[in-house]
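> One structure, as structure tokens, below. Some questions next.
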Amino acid sequence: GLVFANRLVKPIGRLIQAAEKVSSGDLSVRVTTSPNDDELSRLTKEFNHMIEQLHTQRKELVEAHEQVDRRRRFTETVLAGVSAGVIGLDQQGHINLPNKSASQLLGKDLRRRIGQKLSDVIPDMAQLLEEALTRSDNFLEQELTLPREGEYRTFLFRVAVERTGERIRGYVITFDEIGRAH
């Protein structure tokens with residue numbers, strides 16, 4: 001009876017220890033399997049297979065995250081060298097990627113406003129977004145005069161709506177100053 005109990009308890013104990021290591025983030029752990037073809041041996045093999053899949057998925061997620069981060073840095077580098085103002089917005093109209101020129105042209109530090117609705121930061125631009133949504137070609141080009149430092153400046157705005165089917169994925173706004181008035 002004691003030999004049978006040991007044959008039963010040892011593999012279960014190894015599975016418990018391995019599960020504790022996995023729960024703390026160690027996906028390199030594997031449990032040795034016995035040559036028997038019993039339920040515990042199959043459970044151990046399935047456990048090892050499951051951990052291998054988790055390890056592979058985590059590795060793929062880390063690589064995908066690194067690739068997205070590289071693309072984001074590249075995009076930010078490209079946008080930093082562009083003299084036109086560029087503002088990326090998410091599907092709800094929140095600022096998520098402004099370039100330095102956009103902040104300079106509008107006289108607002110848009111990088112400090114990331115996550116805020118553009119219409120709250122620059123209320124005069126709210127109608128641009130609304131109008132762009134009504135366009136069948138998902139593109140709007142319009143002049144808009146905005147107050148800045150005691151004078152009015154006229155900008156040519158281009159709003160592109162990114163869609164997947166009917167779902168809005170975001171907006172890209174590009175603009176240049178085309179005139180000043182007092």
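The values are calculated or read from the model by the stated rules, or taken from the named source; none is laboratory data. A quick note: this is a predicted structure, and the numbers were derived from the prediction, not measured. Counting neighbours? That spans all protein chains shown, and the Cβs are built from the backbone with ideal geometry, glycine included. The protein model used for the area step is the full one, side chains on, heavy atoms only, and it has no ligands, DNA or RNA in it. Shrake-Rupley method; radii C 1.70, N 1.55, O 1.52, S 1.80 Å.
> If you go through the stretch 35-46 one residue at a time, do you hit one that is among the aliphatic types (A, V, I, L, M), in contact (Cβ under 8 Å) with a residue 24 or more places away in the chain, under 30 Å from Lys10 (Cβ atoms) and open to solvent by 70 Å² or more (accessible area, probe 1.4 Å)?
Kept after step one, since they are among the aliphatic types (A, V, I, L, M), are these residues of the stretch 35-46: 40, 43.
Among the residues that remain, those that are also in contact (Cβ under 8 Å) with a residue 24 or more places away in the chain are: 40, 43.
Narrowing further to those that are under 30 Å from Lys10 (Cβ atoms): 40, 43.
Applying the additional criterion that residues be open to solvent by 70 Å² or more (accessible area, probe 1.4 Å) yields 43.
Within the stretch 35-46 (the criterion being among the aliphatic types (A, V, I, L, M), in contact (Cβ under 8 Å) with a residue 24 or more places away in the chain, under 30 Å from Lys10 (Cβ atoms) and open to solvent by 70 Å² or more (accessible area, probe 1.4 Å)), the answer is yes, since at least one residue qualifies.
> Here's a follow-up. Can you tell me which of (1) under 24 Å from the mean Cα position of the chain (by Cα); (2) in contact (Cβ under 8 Å) with a residue 24 or more places away in the chain is the one Gly115 doesn't meet?
So Gly115 meets the others, but not (2).
> Kindly provide the set of residues from the stretch 62-86 that are part of a helix (DSSP H, G or I) and in contact with a strand residue (DSSP E or B) (Cβ under 6 Å, 6 or more places away or on another chain), ordered by number. Break it down stepwise before answering.
Residues of the stretch 62-86 that are part of a helix (DSSP H, G or I), as a first pass: 62-80.
Listed by number, the list holds a single entry, Leu79.
Let's see how each residue does on (1) modelled with pLDDT of 90 or more; (2) aromatic (Phe, Trp, Tyr); (3) over 31 Å from the mean Cα position of the chain (by Cα):
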site	(1), (2), (3)
Leu2	no, no, yes
Val9	no, no, yes
Ile16	yes, no, yes
Asp37	no, no, yes
Arg42	no, no, yes
Ile51	yes, no, no
His55	yes, no, no
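> Using the structure shown, decide if Arg73 is of a type in the set (D, E, K, R), modelled with pLDDT of 85 or more and under 30 Å from Glu177 (Cα atoms). Break it down stepwise before answering.
Numbers: of a type in the set (D, E, K, R): yes; modelled with pLDDT of 85 or more: yes; under 30 Å from Glu177 (Cα atoms): yes.
So Arg73 passes the test.
> For Arg30, state whether it is touching a helix residue (DSSP H, G or I) at 6+ places or on another chain (Cβ under 9 Å), open to solvent by 70 Å² or more (accessible area, probe 1.4 Å) and at pLDDT 90 or above. If you could, list the steps in order and put the result at the bottom.
On the way: touching a helix residue (DSSP H, G or I) at 6+ places or on another chain (Cβ under 9 Å): yes; open to solvent by 70 Å² or more (accessible area, probe 1.4 Å): yes; at pLDDT 90 or above: yes.
Yes: the conditions hold for Arg30.
Quick grid of which residues meet (1) out of contact with any Gly (no Cβ under 7 Å at 6 or more places or on another chain); (2) at pLDDT 90 or above; (3) acidic (Asp, Glu):
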{"residue": "Ser119", "(1), (2), (3)": "no, yes, no"}
{"residue": "Ser136", "(1), (2), (3)": "yes, no, no"}
{"residue": "Glu149", "(1), (2), (3)": "no, no, yes"}
{"residue": "Glu166", "(1), (2), (3)": "yes, no, yes"}
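> Enumerate the pairs (first residue in the stretch 140-164 and free of Cβ contacts under 8 Å to residues at least 40 places away in the same chain and over 13 Å from Leu106 (Cβ atoms); second residue anywhere and open to solvent by less than 30 Å² (accessible area, probe 1.4 Å) and acidic (Asp, Glu)) with beta-carbon separation below 8 Å, excluding pairs fewer than 6 apart on the same chain, so at least 6 apart or on different chains.
From residues that are free of Cβ contacts under 8 Å to residues at least 40 places away in the same chain and over 13 Å from Leu106 (Cβ atoms), there are no pairs.
> Return a yes/no flag: does the stretch 54-61 have any residue that is of a type in the set (Val, Ile, Thr), assigned to a helix (DSSP H, G or I), under 30 Å from Val22 (Cα atoms) and in contact with a helix residue (DSSP H, G or I) (Cβ under 7 Å, 6 or more places away or on another chain).
Quick first cut of the stretch 54-61, residues of a type in the set (Val, Ile, Thr) only: 56.
Within this subset, residues satisfying the condition of being assigned to a helix (DSSP H, G or I) are 56.
If we keep only those that are under 30 Å from Val22 (Cα atoms) as well, we get 56.
Now narrow it down to the ones that are in contact with a helix residue (DSSP H, G or I) (Cβ under 7 Å, 6 or more places away or on another chain): none.
No.
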